[in-house]
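This report concerns only the one structure given below.
The values are calculated or read from the model by the stated rules, or taken from the named source; none is laboratory data. Here the structure is a predicted model, which means the values were calculated and not measured. Every residue, glycine as well, gets a Cβ built from its backbone with ideal geometry; the counts of neighbours run over all protein chains shown.
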Amino acid sequence: MQALVTGHGLPEAQIDDTLLRRGPDALLSRSALIDGLGSLVKTATVFPGNASYGRPTVNGSVSLFADDTGELDATLDFHILTKWKTAADSLLAASRLAPPKVGEILIVGSGNMAASMIEAYRSVWPDARFNIWSRNPTAAVELADLSNATAAADLQHAVWSADIVSTSTMATEPLILGSWLRPGQHLDLIGGFRPDMREADDECLARSRVFVDSRRTAAHVGDIGDPLKSGALPHVEADFRDLATGGFCRVDPDEITVFKNAGGAHLDLMVARHLSDLASA
C-alpha cells in the first residue's frame, strides 16, 4: 500500500494497453514507464475454459526494466505480483473509503483473488466476520472452510448485511444491484477488466460516490465506462492521484462508496519495483 502511495507522488506514469481476443480467450498486455522507477511490461493470458480442467484461468509474465539504462532488472512471478498489487490496490482504497466500523465483510467469488482479499482485509480488520458467496456453492463452502469464514446462500441478504462488499468474478452481467445497498457501505469492484464485463448495475453507481485507482484505466472497463457514457454515472470523485490532496476519502458515515479496482501497469510497476528492492536489499 505504501509503495502505491509513494509511486503516486512521482511524475505521472505513461501507460498503454493492448487487448487481443479469440472467442472467450484474451491476451492482455499492459506497459508503464514512470520517471524514477523504470518501466514494466505485464502480459496476461485469460483462458476461462481452463477452469474445467482445474488449471488457472489467468497466467502471464512480468518484466521490470531499469530506469537509467533500460536493462532488464527482474522477471517477476506473474501470480505473486498480481496478488500483491491487486490486494494493495483495493485495500488502500478501503482504508480511505470504508465506514468507521467494519464488522462484516462479504467476498463475492471463490477463486485465488477472493482468497487473497480475505487475507488482505484481515490485515486491517482482523476482527471482522467474513461471508463468501459464489456462483459455485461448493467452491464457496471450500474457501469458507479454509478461511474461517461462512458460505452465504443468498447474495442479496449477504450484500445488505455487509459493511464491505468485495467482488472478484468474471461476470459479464451485474451481480450486485443498487437496490440491495444500504447507507454506509463500501463496494469494492475487482473483477470486470474488460469493456464487456460488469459486476455492479447502474443503480449502484448512481447511488454512490465513485472512486477509481486511475481515471485513465477505469474509463475502459465496463463498470465505469458504460455508466459514464450513458450518464448514469455523472462523474468520478477521485483517483489515486488525489491521495496527496486529501480528495480520496469518505466524507459522510452514511454515504455509499464504490471503488473500481481497474488496475494498470503503472500499479504493477510501483509494486514490482518495491518487491525487487526488497529482494536485492
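Would segment 72-91 turn up any residue that is without any contact (Cβ under 8 Å) to a residue 12 or more places away in the chain and either in contact with a Leu (Cβ under 7 Å, 6 or more places away or on another chain) or among the charged types (D, E, K, R) (or both)? Scanning segment 72-91 turns up no residue that is without any contact (Cβ under 8 Å) to a residue 12 or more places away in the chain and either in contact with a Leu (Cβ under 7 Å, 6 or more places away or on another chain) or among the charged types (D, E, K, R) (or both). Does ALA238 satisfy the condition of being without any contact (Cβ under 8 Å) to a residue 60 or more places away in the chain, more than 23 Å from PRO99 (Cβ to Cβ) and surrounded by fewer than 22 Cβ atoms within 10 Å (Cβ to Cβ)? Taking the combined requirement at face value, the residue does not satisfy it. THR69 meets each of the listed conditions (1) without any contact (Cβ under 8 Å) to a residue 24 or more places away in the chain; (2) out of contact with any Gly (no Cβ under 9 Å at 6 or more places or on another chain); (3) part of a strand (DSSP E or B) apart from (3).
With respect to (1) buried (at least 17 other Cβ atoms within 10 Å of the Cβ); (2) modelled with pLDDT of 95 or more; (3) out of contact with any His (no Cβ under 7 Å at 6 or more places or on another chain), the lone exception for ALA32 is condition (3). Filtering segment 124-139 to residues that are closer than 29 Å to GLN2 by Cα and within 22 Å of the chain's Cα centre (by Cα) leaves VAL124, TRP125, PRO126, ALA128, ARG129, PHE130, ASN131, ILE132. Candidates ALA94, ALA44, ALA74: the one that is of a type in the set (A, V, I, L, M) and in a helix (DSSP H, G or I) is ALA94. Is it the case that segment 155-173 has a residue that's under 16 Å from MET117 (Cβ atoms), of a type in the set (Ser, Thr, Tyr), in contact with a helix residue (DSSP H, G or I) (Cβ under 7 Å, 6 or more places away or on another chain) and part of a loop (DSSP other than H, G, I, E, B)? Scanning segment 155-173, I find at least one residue that is under 16 Å from MET117 (Cβ atoms), of a type in the set (Ser, Thr, Tyr), in contact with a helix residue (DSSP H, G or I) (Cβ under 7 Å, 6 or more places away or on another chain) and part of a loop (DSSP other than H, G, I, E, B), so the answer is yes. Within segment 106-158, the set of residues being under 18 Å from THR82 (Cα atoms), in contact with a Ser or Thr (Cβ under 6 Å, 6 or more places away or on another chain) and of a type outside the set (Val, Ile, Thr) comprises GLY109, SER110, MET113, ALA114, MET117. Of all residues in segment 13-29, those that are hydroxyl-bearing (Ser, Thr, Tyr) have Cβ atoms under 6 Å from Cβ atoms of residues that are surrounded by 14 or more Cβ atoms within 10 Å (Cβ to Cβ), 6 or more apart or on another chain, in THR18/SER29; SER29/THR43.
Contact map, segment 155-180: first residue under 17 Å from VAL221 (Cα atoms) and not assigned by TED's automatic domain parsing to the domain that holds ILE118, second residue hydroxyl-bearing (Ser, Thr, Tyr) and not in a strand (DSSP E or B), Cβ cut-off under 9 Å, separation 6 or more or different chains; the map is empty. With respect to the conditions (1) at pLDDT 95 or above; (2) over 19 Å from ALA32 (Cβ atoms); (3) buried (at least 16 other Cβ atoms within 10 Å of the Cβ); (4) not hydrophobic (A, V, I, L, M, F, W, C), ASP89 lacks only one, and its number is (2).
When each of LEU187, LEU205, LEU233 is tested for being in a strand (DSSP E or B) and out of contact with any Asp or Glu (no Cβ under 6 Å at 6 or more places or on another chain), the lone residue that passes is LEU187. Residues of segment 140-154 that are under 22 Å from the mean Cα position of the chain (by Cα) and part of a loop (DSSP other than H, G, I, E, B): ALA149, ALA152. Looking at this structure, is PRO48 surrounded by fewer than 19 Cβ atoms within 10 Å (Cβ to Cβ) and either in contact with a helix residue (DSSP H, G or I) (Cβ under 7 Å, 6 or more places away or on another chain) or in the same structural domain as ALA128 (by TED's automatic domain parsing) (or both)? Considered against the rule, which asks whether it is surrounded by fewer than 19 Cβ atoms within 10 Å (Cβ to Cβ) and either in contact with a helix residue (DSSP H, G or I) (Cβ under 7 Å, 6 or more places away or on another chain) or in the same structural domain as ALA128 (by TED's automatic domain parsing) (or both), PRO48 comes out as no.
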